[in-house]
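Heads up: the structure comes next, in structure tokens.
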Amino acid sequence: MARMLSAWTLCAAVFAPAPGRAADEPLWEVGLGVGALGYDNYRGANSSHVYPVPVPYLLYNGTFLKTDRDGVHARLFNQDWVELKLSFNATTPVGNDRTRSGMPELRPTVEGGISLDFHLWQSDDARAKWDLRMPVRSAFAIEAPPEAIGWTFSPGFALDLLDHVGYDAWKLGFFSGPLFANRRYNSYFYSVQVQYATPSRPEYQASGGYAGTEFLTALSKRFPRYWVGAFMRYDSLSGAAFEDSPLVQRDHYWTAGFGIAWPLRTSSQRIDVPD
């Protein structure tokens with residue numbers, strides 16, 4: 001499935017400020033920009049697309065709730081070493097290519113859940129940080145009514161690097177880890193029901209379990225009047241539970257994007273934000 005870089009995801013993954021930033025920041029900021037996104041239609045597809053995308057974003061540095069580069073999160077534990085956050089994802093609708101010809105089109109999906117994040121290490125100058133992130137999300141196909149299609153679990157290690165400590169630092173981020181999903185989720189994308197089977201596309205029932213390994217890198221910076229950012233993701237599907245599905249035409253998946261965004265409104269209230 002194509003991991004959609006929606007307006008919110010683009011904000012969270014590319015354009016928001018870096019950790020280890022200066023303490024004095026605006027309470028909130030909203031902005032708008034443009035970018036481009038390229039991706040395989042779904043994980044394992046042999047067809048790709050490139051689209052222009054809008055880039056609205058929202059930053060909020062509340063005492064309890066925050067929206068920043070890591071998404072929407074709330075510090076429910078009063079500890080520096082662990083944090084519980086809200087976690088979201090989405091996929092695009094998939095028009096049928098030759099591989100899926102005659103099958104129902106894949107509806108867009110949304111995923112929501114929580115992520116338990118452990119802050120494993122941070123350098124003394126706050127220019128490097130290493131975290132373990134453990135998001136669990138329930139997934140729904142967007143239709144009337146919405147259809148629950150299972151759950152995902154994608155633990156991984158994140159390394160964030162800054163060229164200096166501050167609100168306008170260049171930030172380079174890396175994330176890698178395995179993906180897991182239950183049988184219902186994998187079946188939505190990779191099963192072939194008997195009525196859709198053909199000589200070249202035999203009946204297939206996907207199972208749950210290991211769903212590949214993700215490698216992600218992102219680069220971003222805030223200049224005085226705008227943000228710039230880019231990201232690239234590569235997934236290896238070798239050994240995935242659905243690897244033998246006739247819908248899997250490649251043993252890898254990729255997506256990449258870049259963009260630029262401009263602040264439209266910024267709060268005049270400034271607050272101290274801890275690293």
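The values are calculated or read from the model by the stated rules, or taken from the named source; none is laboratory data. Bear in mind that the values here come from a model prediction, so they are computed numbers and not experimental data. For neighbour counting, all protein chains shown are included, and Cβ atoms are generated from backbone atoms with ideal geometry for every residue, glycine included.
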- Note on the structure: Those residues of segment 217-240 that are in contact (Cβ under 8 Å) with a residue 24 or more places away in the chain, in a strand (DSSP E or B) and in contact with a strand residue (DSSP E or B) (Cβ under 7 Å, 6 or more places away or on another chain) come to a total of 14
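To keep it simple, each residue is scored yes or no on (1) touching a residue at least 60 places away in the same chain (Cβ under 8 Å); (2) among the hydrophobic types (A, V, I, L, M, F, W, C); (3) in contact with a helix residue (DSSP H, G or I) (Cβ under 9 Å, 6 or more places away or on another chain).
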{"position": "137", "(1), (2), (3)": "no, no, no"}
{"position": "180", "(1), (2), (3)": "no, yes, no"}
{"position": "190", "(1), (2), (3)": "yes, no, no"}
{"position": "196", "(1), (2), (3)": "yes, no, no"}
- Cβ-Cβ below 7 Å, separation at least six or inter-chain, first residue in segment 252-274 and in a strand (DSSP E or B), second of a type in the set (S, T, N, Q) and at pLDDT below 95: which pairs? 271/61
- Report, by residue number, each residue of segment 116-130 that is in contact with a strand residue (DSSP E or B) (Cβ under 6 Å, 6 or more places away or on another chain) and in a loop (DSSP other than H, G, I, E, B). 127
- Cβ pairs under 8 Å, 6+ apart or interchain, first in segment 41-52 and free of Cβ contacts under 8 Å to residues at least 24 places away in the same chain, second β-branched (Val, Ile, Thr) and part of a strand (DSSP E or B), ordered by first then second residue, are 52/34
- Query: Looking at segment 90-106, which of the residues that are in contact with a Lys or Arg (Cβ under 9 Å, 6 or more places away or on another chain) and at pLDDT 85 or above is farthest from residue 200 (Cα to Cα)?
  - Reply: 106
- Query: How many residues does segment 253-268 hold that are surrounded by fewer than 14 Cβ atoms within 10 Å (Cβ to Cβ) and either of a type in the set (D, E, K, R) or under 12 Å from residue 41 (Cα atoms) (or both)?
  - Reply: 1
- Test residue 212 against the criterion of being modelled with pLDDT of 95 or more, surrounded by 18 or more Cβ atoms within 10 Å (Cβ to Cβ) and over 30 Å from residue 25 (Cα atoms), and give yes or no. yes
